[in-house]
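Novice: Here it is: the structure, laid out below.
The values are calculated or read from the model by the stated rules, or taken from the named source; none is laboratory data. Just so it is clear, the structure is predicted and the values come from calculations on it, not from any experiment. When we count neighbours, we look across all protein chains shown, and the Cβ atoms used for this are built from the backbone with ideal geometry, even at glycine. In case anyone asks, the SASA skips ligands and DNA or RNA and just uses the protein heavy atoms, side chains included. Shrake-Rupley method; radii C 1.70, N 1.55, O 1.52, S 1.80 Å.
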Amino acid sequence: INVTQEMVAELTAPPHVPTPVGKRKAKKLKVNMEILELEGELTSGVSYVYWTFGGSVPGSFIRTRVGDEVEFTLSNHPDNKLPHNIDLHAVTGPGGGAESSFVAPGFEKTFSFKTLNPGLYVYHCATAPVGMHIANGMYGLILVEPEGGLPPVDKEYYIMQGDFYTKGKNGERGLQPFDMQKAVDENADYVVFNGSVDGLTGDNAITAKVGETVRLYVGNGGPNLVSSFHVIGEIFDKVYVEGGSVINENIQTTLIPAGGAAIVEFRVDVPGSLVLVDHSIFRAFNKGALGILNVEGEEDKKIYSGEIREGIYLPEGPGIQSMPTTAELAETNVPAKSFDEQMTFGKQVYMQNCFACHQSEGQGIPNAFPPLANSDYLNADVDRAISAVVNGLSGEITVNGDTYNSVMTRQMISSEEVANVLTYVYNSWGNNKQVVTKDMVENVKN
Ligand code: HEM
Ligand code: CU
């Protein structure tokens, strides 16, 4: 009988990797990945809404071997706001799977592919605007081991670099929305390992013992910056260049392209804290691209005779901090007593709920999110605008002569907040100065 053996893939969050494939035969491997949009901490006092594969940045590590038939199920959590998909660089096929995996919130999609080439590959979301989905954390690594597996080592870890673009500058406190213009300008506020400034330091530092061999699977999600990956106080015995099959030896710094990866290996010979950096060094000491590998064990004076530092090498803290603004301190659910208050509260709702897509001046993003500034669609029908916010909106619409055919999910905000945010929108950026009341919103709801 011809039975293909089936197996559900073990998925791990960084810095961990699943069990090596070893000598197992090629199989049908089921990968179940869930997309979650989650608020997390980018650095102390600064939060960010991450879009994730599996709840972590980078996303879950997938470990396969050459010849596996991967059956990939991508589910988009119903609480999410946006459709997403996945492009795996390990896939031979249209869009690396992107076309077959496009999935709206509350749905799941299954597709399958065969792993033809061994190597370490990046995967990422490829939904428009692609750069924004990647910048928000939608990337990870998939390893395709060769027949018989990679040679065994003592410790293996998963690390991925990414650059982040926030409305406020580095260190500015509070919930920081994504800044499209800074991303287009490639002007990163944060460059980090494993999704946050503390992603690989303190309690998140990785460890090894003297004499052990360490293998790091290092990826770079970008979206923009190339990484000059270096470990202060070590030399890479081996580098699988660009994650492929060529092995280079005795390397100080290896280049990891955006959307690329490398496997580095070294034996740790002396105790201490090794510092992982992007050697574009301002990124390391000023933007967060710094991690720690703590090595414990006996000193070997022949290899290194100097004084061994105790404790951890701390990065410089994030930049100058600022006080929260009055708007940030205002409470969300107090009814507005005047037009001015409606505008203040409305702006606050806008910055928390609409800004990420419709942008700071309501200008939207071409081909993805329609403008709310000077919008003929908005100004033509206030009940339709209210409905877009409370019920969501999908299908083809035309705004200022451009067509959009996408999905806006319903916004989970109170009637009071809908009235305030739409009043703010209607009284900004050249719109028709309509005032929206709570009663008008409730009428549309009923
Ligand atoms: C469309 C308002 C949040 C994505 C619209 C429209 C309005 C609107 C009035 C109609 C078109 C126009 O006038 O330009 C708002 C308000 C929001 C909000 C007030 C916050 C309370 C969001 C968010 C997203 C989004 C967070 C993305 C996750 C879209 C999309 C469309 C749209 C894709 C076009 C839908 C289609 O093609 O049918 N929005 N929006 N909106 N919005 Fe929003
Ligand atoms: Cu996405």
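Novice: Could you tell me the distance between the Cα centroids of the range 39-66 and the range 78-137, to the nearest Å?
Specialist: Here the answer is 15 Å between Cα centres.
Novice: Right, something else. Cα gyration tensor of the range 357-406, axes a ≥ b ≥ c as square roots of the eigenvalues: rounded (a/c below 1.5), prolate (a/b > b/c) or oblate? Mind dumping the intermediate values first?
Specialist: Working: a/c = 1.36, a/b = 1.22, b/c = 1.11.
Since a/c stays below 1.5, the shape of the range 357-406 is classed as rounded.
Novice: Once the Cα atoms of the range 326-445 are picked out, what are the Rg and Dmax in Å?
Specialist: When restricted to the Cα atoms of the range 326-445, Rg and Dmax are 13.4, 39 Å.
Novice: How many percent of the accessible area of the range 1-107 is carbon or sulfur, using a 1.4 Å probe?
Specialist: Working: 2440 of 4700 Å².
On the range 1-107, the fraction of accessible area on carbon and sulfur atoms equals 52 percent.
Novice: Express in whole angstrom the spacing between the alpha-carbon centres of the range 143-162 and the range 190-227.
Specialist: Comparing the Cα centres of the range 143-162 and the range 190-227, I get a distance of 14 Å.
Novice: Roughly to the nearest percent, how much of the accessible area of the range 162-296 is carbon and sulfur, given a 1.4 Å probe? Intermediate results must be reported in sequence, preceding the final value.
Specialist: Numbers: 2400 of 5010 Å².
Its accessible area is 48 percent carbon and sulfur atoms.
Novice: Kindly report the accessible area of the range 6-146 per residue (heavy atoms of protein chains, probe 1.4 Å, no ligands, DNA or RNA), in Å². Walk me through the intermediate numbers first.
Specialist: Details: 5180 Å² over 141 residues.
That works out to 37 Å² per residue.
Novice: If you don't mind, there's one more thing I want to ask. Once the Cα atoms of helix 382-391 and of the chain are each reduced to a long axis, what angle between those two axes, in degrees from 0 to 90 to the nearest 10, is obtained?
Specialist: Value to nearest ten degrees: 30.
Novice: Using only alpha-carbon positions, what ratio does the radius of gyration of the range 150-231 give when scaled by 2.2 N^0.38 Å?
Specialist: On the way: Rg = 15.6 Å, N = 82, 2.2 N^0.38 = 11.7 Å.
Cα-based Rg divided by the globular estimate yields 1.33.
Novice: In the range 354-446, what trypsin sites (Lys or Arg not before Pro) fall in a loop by DSSP, with at most 10 other Cβ atoms inside 10 Å?
Specialist: Numbers: sites: Arg384, Arg410, Lys433, Lys438, Lys445; in loops: Arg410, Lys433.
Listed in order of number, the matching sites are Lys433.
Novice: Helix-only mean residue ellipticity at 222 nm, the chain, DSSP H runs n ≥ 4 weighted -39,500 (n - 2.57), per residue, nearest 500. What is it?
Specialist: Values: 11 runs with 79 residues, N = 446.
Taking each H run of at least 4 residues, the total per residue is -4500 deg cm²/dmol.
Novice: Angle between the Cα long axis of helix 339-353 and the longest principal axis of the chain, 0 to 90 degrees, nearest 10?
Specialist: It is inclined by approximately 30 degrees.
Novice: R0 = 25 Å: FRET efficiency of Asn391 with Thr110, Cβ-based, nearest 0.05? Walk me through the intermediate numbers first.
Specialist: Numbers: r = 29 Å, r/R0 = 1.16.
With R0 = 25 Å, the Cβ-Cβ based efficiency is 0.30.
Novice: Share of Cα-Cα pairs in the range 162-296 beyond 24 Å, in percent? The partial results should precede the final answer.
Specialist: On the way: 2767 of 9045 pairs.
Tail of P(r) above 24 Å: 31 percent of Cα pairs.
Novice: Given Lys155/Lys238; Lys238/Lys287; Lys238/Lys301; Lys27/Lys209; Lys347/Lys433; Lys28/Lys109, which pairs have Cα atoms separated by over 26 Å? Present the calculation step by step, with values, prior to reporting the outcome.
Specialist: Working: Lys155/Lys238 15 Å; Lys238/Lys287 28 Å; Lys238/Lys301 24 Å; Lys27/Lys209 35 Å; Lys347/Lys433 15 Å; Lys28/Lys109 17 Å.
Table pairs above 26 Å Cα-Cα are Lys238/Lys287; Lys27/Lys209.
Novice: How tilted is helix 415-426 with respect to the longest principal axis of the chain? Cα atoms for both, answer in degrees (0 to 90, nearest 10).
Specialist: 80 degrees
Novice: How many percent of Cα pairs in the chain exceed 41 Å? Walk me through the numbers on the way to the answer.
Specialist: On the way: 24648 of 99235 pairs.
Cα-Cα pairs in the chain separated by more than 41 Å: 25 percent.
Novice: May I have the extent of the alpha carbons of the range 393-446 along their three principal axes, as whole Å values ordered from largest to smallest?
Specialist: 31, 26, 16
Novice: Could you compute how fast the range 40-148 diffuses translationally, taking Rh as the Kirkwood radius over C-alpha pairs and applying Stokes-Einstein at 4 °C with viscosity 1.567 mPa s? Give it in µm² per second. Could you put the intermediate results ahead of the total?
Specialist: Working: Rh = 14.4 Å.
Approximately 90 µm²/s, per Stokes-Einstein.
Novice: Ok, one more. Say R0 is 51 Å: what FRET efficiency, to the nearest 0.05, do His16 and Asp383 get from their beta-carbon distance? Mind showing how you got there, number by number?
Specialist: Numbers: r = 51 Å, r/R0 = 1.00.
The computed FRET efficiency comes out at 0.50.
Novice: While we're on this one: Under a 5 Å amide H to amide H cut-off, with H placed in plane at 1.01 Å, what residues pair with Met160 once short-range neighbours are removed?
Specialist: Placed amide hydrogens put Asn194, Gly219 under 5 Å from Met160.
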